[in-house]
Amino acid sequence: MTAQAVNKSAIGSTLVELKSISKHYRKGKEKVNVLNELNLTINRGDFLALMGPSGSGKTTLLNLLGGLDKPSSGELIIGGARLDQMSNSQLTRWRAQNVGFIFQFYNLMPVLTAEKNVELPLLLTNLSSAQRKKHVAAALSLVGLSERADHYPNELSGGQEQRVAIARALVSDPQILLCDEPTGDLDRTTADEILNLLQTLNQQQGKTIVMVTHDPRAADHAKTILNMDKGRLV
Amino acid sequence: MYYLYFIMKNLGRKKVRTILTCLSIVIAFLLFGLLRTLGSAFDQGAELAGEDRLVTINKITLIQPLPYNYLTKVKMLDTVAIATQSNWFGGYYQEPRNRFSQFAIEADDYFSIYEDLYSLPEDQMKAWKANRIGVVIGKALVDQYQWKIGDRIPLIGMFPQQGGNTTWEFEVSGIYEAKTKGAETNVMLMHYSYFDEARQYGKGTLGWMIIKVKDKNQSELVAKQVDALFANSAAETKTSSEKDFTKSFAKQFADIGFITSIILAAVFFTMLLVAGNTMTQSFRERIPELAVLKTLGFADATVMWLVLGEAIFLSVVGGLIGLLFAWLIVAGAADALAATLPGLMMTMDVLIQGLLFVILFGIVTGAIPAIQGLRLQIVTALRSRR
Ligand SMILES: Nc1ncnc2c1ncn2[C@@H]1O[C@H](COP(=O)(O)OP(=O)(O)OP(=O)(O)O)[C@@H](O)[C@H]1O
Ligand SMILES: [Mg+2]
């Protein structure tokens, strides 16, 4: 698994830099300010938990970090790349190479087996079919689901589905993992397993993780906890 | 490869719906294959007609006869090689469904004007001319009714004989054959002399004239000459190439091409709605999934192609099955229909047209969801997930 090759000496250097980032939406004539002049630095190897009341802008911030959306103003630099200046297609390519997403509802393709789901991001690389298979197997074994490779999502438990989703997020060896309430739909025990897995990935693979959560116990697994309220960090 | 697999998997998600949609496409293209083949079978007769043959009909309509002496006048033109005439008998054998064409003609001139298309053995020609009620029939009729030389055939005609009887008795004197493939042999030919003498109404008239010009290049000129002869008379004429005539003759009964087009248009319109609806529905159900694909880094265009690919795939599968069935049915029915539509078969033209339509059908049904897929905004789509 290429994830092992992460340069651990780089840990601690700056990976993400937000300089007075604002985001607003227009609702007719009204301007809804969702993020206000946000400044934030995230170091390589960090495990950051983002907390805050509903509607405080956590998902919006995560979307910006993942290049799913563009800030209204401010500078957003990740791994030296100026995301705020990228075109949509540049962002698309950047996402494929640099970010892994993990959602609350797993968002797997129901018509594909676990294996095929994990393979999806690799279609965007130059890897041969055989090489892809190897990477997929490694990712599945990392999340402890090798035996379920040919199961369909509806044949898996929620926790197992989330593991597949994590394998899919990991398989193309991104710099940063973005998780939006990854345990929001799971019971305590399963949630703890997923959180331990994320923690392991952070500690052993050196993955930088940003995780949105409402759950203080989930946040305890992180290295850093940030609180948001009304579009600001508090 | 993976993409094709993915597309097929997505189609398999709602199997019943996919199969029903596919079936509707099968039916659309089955009808397409059948009707287009039928339409082109009618065209085929038209294309065979030689350019050096002209046909003169009454300017008002084909049904109106012309005075017989018109033929004498036309024969005197020195641009004309042969001129003869023909009449519509319009009879059927025993039951109205046993309808085929019968023409009342003059044997020698008729066969010499159609020398390139038909042949009749000399002895049979001789016997025919000696038999007042004699007829010659084509091979297709022989195959269909198993008639042979010497058979007596009563036909119910459109025109009564003197005394009002509509049953005409004929006797088979000969069997003519086609010299070129595709020349129709489903016509019965009777003596004009007998027909004209026996009929109650319209004596001394002819149905239409057939003219063979001396010089192919002068066809247009000759047509004008002929029509000029009878201008300002009680029965003005219209002369055109035999090709145009055959077509308008077919249109007398039904504008086949037009009717098939209308039916096909209706069928395709309905099937487009059905398939388009399926595609739109299956797209809607998958909006979050498509948004996830974009999140993972799949380009907008890739997502568009996945959606469009599904529509095209379904259309290709359904369309090919439909065309295959059409081909099988046409091949199976060709013999049975040889009398009415000789040389019936699904042509390459129809097949290629069908294949183009298959692709087009897929593109049209998938176009709207494909464009929506192209434009799908990740953030909004994921937000609507909840
Ligand atoms: N496309 C949009 N148009 C208008 N308003 C939006 C849009 N997207 C988000 N918002 C608003 O921005 C605010 C922040 O939304 P966001 O989803 O980031 O909150 P959140 O902190 O993730 O909340 P939750 O904990 O409930 O997930 C909300 O008030 C929301 O209504
Ligand atoms: Mg949220």
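Computed from label points 7 Å out along Cα-Cβ, the spacing between B:ILE262 and B:ASP335 is 3.5 nm.
Taking Cα pairs under 8 Å and at least six residues apart, what relative contact order does chain A come out at, in percent? Let's see the in-between values first.
Details: 443 pairs, mean separation 69.8, N = 234.
Relative contact order here is 30 percent.
Computed extension gain for B:ARG13 through B:ILE60, at 0.36 nm per residue and net of the alpha carbon distance, reaches 10.7 nm.
How large is the helix-only mean residue ellipticity at 222 nm for chain B, computed as the sum of -39500 (n - 2.57) over DSSP H runs with n ≥ 4, divided by its residue count, in deg cm²/dmol to the nearest 500? If you can, show how the numbers build up before the last one.
On the way: 14 runs with 212 residues, N = 386.
Rounded to the nearest 500, it is -18000 deg cm²/dmol.
Mind listing which trypsin sites (Lys or Arg not before Pro) in the range A:13-83 are in a DSSP loop and have 13 or fewer other Cβ atoms within 10 Å?
Loop-located and lightly packed - A:LYS29.
Electrostatic bookkeeping for A:THR60 treats Lys and Arg as +1 and Asp and Glu as -1; over the other residues with beta carbon under 13 Å from its beta carbon, the sum is +4.
Classify the range B:65-234: rounded, prolate or oblate, from the alpha-carbon gyration tensor (a ≥ b ≥ c, eigenvalue square roots; a/c under 1.5 rounded; otherwise prolate if a/b is larger than b/c)? Oblate is the answer for the range B:65-234, as a/c is 1.5 or above yet b/c matches or exceeds a/b. Of all DSSP beta bridges confined to chain B, the antiparallel ones make up roughly 75%.
State which stretch of chain B is the longest one without any exposed GluC sites (Glu not before Pro), exposure meaning a DSSP loop state and at most 12 other Cβ atoms within 10 Å. Don't jump to the answer; show the numbers that get you there.
Numbers: sites that count: B:GLU51, B:GLU115.
The answer is B:116-386.
Separation of the range A:57-124 and the range B:148-213, taken as the distance between their Cα centroids, equals 83 angstrom. Placing unit charges on each Cβ (+1 for Lys and Arg, -1 for Asp and Glu) gives the range B:40-150 a dipole about its Cα centre, and among B:GLN124, B:THR84, B:TYR68 the Cα reaching farthest toward its positive end belongs to B:TYR68. Rounded to the nearest 20, the size of the Cβ-charge dipole of chain B about its Cα centre is 2180 debye, with Lys and Arg at +1 and Asp and Glu at -1. For the range A:183-208, the residues whose amide N sits under 19 Å from a probe point set 7 Å from the Cα of A:LYS223 along the beta carbon direction are A:195-208.
In this label model, A:LYS133 and B:LYS75 are separated by 8.7 nm, measuring between points 7 Å along each Cα→Cβ vector.
Can you tell me the relative contact order of the range B:65-234? Whole percent, Cα pairs under 8 Å, sequence separation 6 or more. Provide the component values of the computation, followed by the final result.
Values: 313 pairs, mean separation 55.9, N = 170.
Answer for the range B:65-234 is 33 percent.
Antiparallel beta bridges, as assigned by DSSP with both residues in the protein assembly as shown, represent about 65 percent of the total such bridges. According to a simple spin-label model (label point 7 Å from Cα along Cα-to-Cβ), what is the distance in nm between A:LYS29 and A:SER89? Calculated label separation equals 3.9 nm.
Pick from B:LYS139, B:LYS238, B:LYS179: which is most flexible by mean-square fluctuation in a GNM of chain B where alpha carbon atoms under 10 Å apart are linked? Per the Cα network of chain B with a 10 Å cutoff, B:LYS179 tops the list. When the Cα positions of A:PHE103, A:LEU83, A:PRO53 are compared along the charge dipole of the range A:6-226, A:LEU83 comes out farthest toward the positive end, with charges on each C-beta of Lys, Arg, Asp and Glu.
Within a straight-line Cα-Cα reach of under 15 Å, B:LYS14 can be paired with the following aspartates and glutamates, leaving aside sequence neighbours fewer than 8 residues apart in one chain: B:GLU285, B:GLU310.
Under a model in which nothing but the beta-carbon of Lys, Arg (+1) and Asp, Glu (-1) is charged, the range A:6-226 shows a dipole of about 720 debye around its Cα centre.
What helices does chain B hold that run 18 Å or longer along their axis, going by alpha-carbon atoms, with a Kyte-Doolittle average of 0.5 or more, using DSSP H for the helix calls?
B:15-48, B:256-285, B:300-333, B:348-375
Beyond 18 Å in Cα-Cα separation lie the following of the pairs A:LYS23/A:LYS223; B:LYS139/B:LYS216; A:LYS116/A:LYS207; A:LYS23/A:LYS207; B:LYS73/B:LYS126; B:LYS75/B:LYS212: A:LYS23/A:LYS223; B:LYS139/B:LYS216; A:LYS116/A:LYS207; A:LYS23/A:LYS207; B:LYS73/B:LYS126. Would you please classify the overall shape of the range B:169-213 from the alpha carbon gyration tensor, given that a ≥ b ≥ c denote the square roots of the eigenvalues, rounded means a/c under 1.5, and beyond that prolate means a/b larger than b/c while oblate covers the rest? Oblate is the answer for the range B:169-213, as a/c is 1.5 or above yet b/c matches or exceeds a/b. Note on the range B:65-234: antiparallel DSSP beta bridges, both residues inside, total approximately 70 percent of the bridges counted. Where a ≥ b ≥ c are the square roots of the eigenvalues of the C-alpha gyration tensor, would you call chain B rounded, which needs a/c under 1.5, or, failing that, prolate if a/b is larger than b/c, or oblate? Verdict is prolate for chain B. Dipole of chain A computed with +1 at Lys/Arg Cβ and -1 at Asp/Glu Cβ about the Cα centre; of A:THR113, A:LEU123, A:PRO153, farthest Cα towards the positive end is A:LEU123. For the protein assembly as shown, a crude dipole built from +1 on the beta carbon of Lys and Arg and -1 on the beta carbon of Asp and Glu, taken about the Cα centre, is about 2260 debye to the nearest 20.
Cα centroid separation, the range B:356-376 to the range A:189-203: 43 Å. Give the calculated FRET efficiency between B:ARG152 and B:LEU355 to the nearest 0.05, with a Förster radius of 60 Å applied to their Cβ-Cβ distance. According to the calculation, E is roughly 0.75.
Throughout, read-outs are computed from the coordinates displayed, never taken from laboratory work. Since we're looking at a predicted model, the values are computed, not measured. FYI the Cβ positions are ideal-geometry reconstructions off the backbone, even for glycines, and counts take in every protein chain you see.
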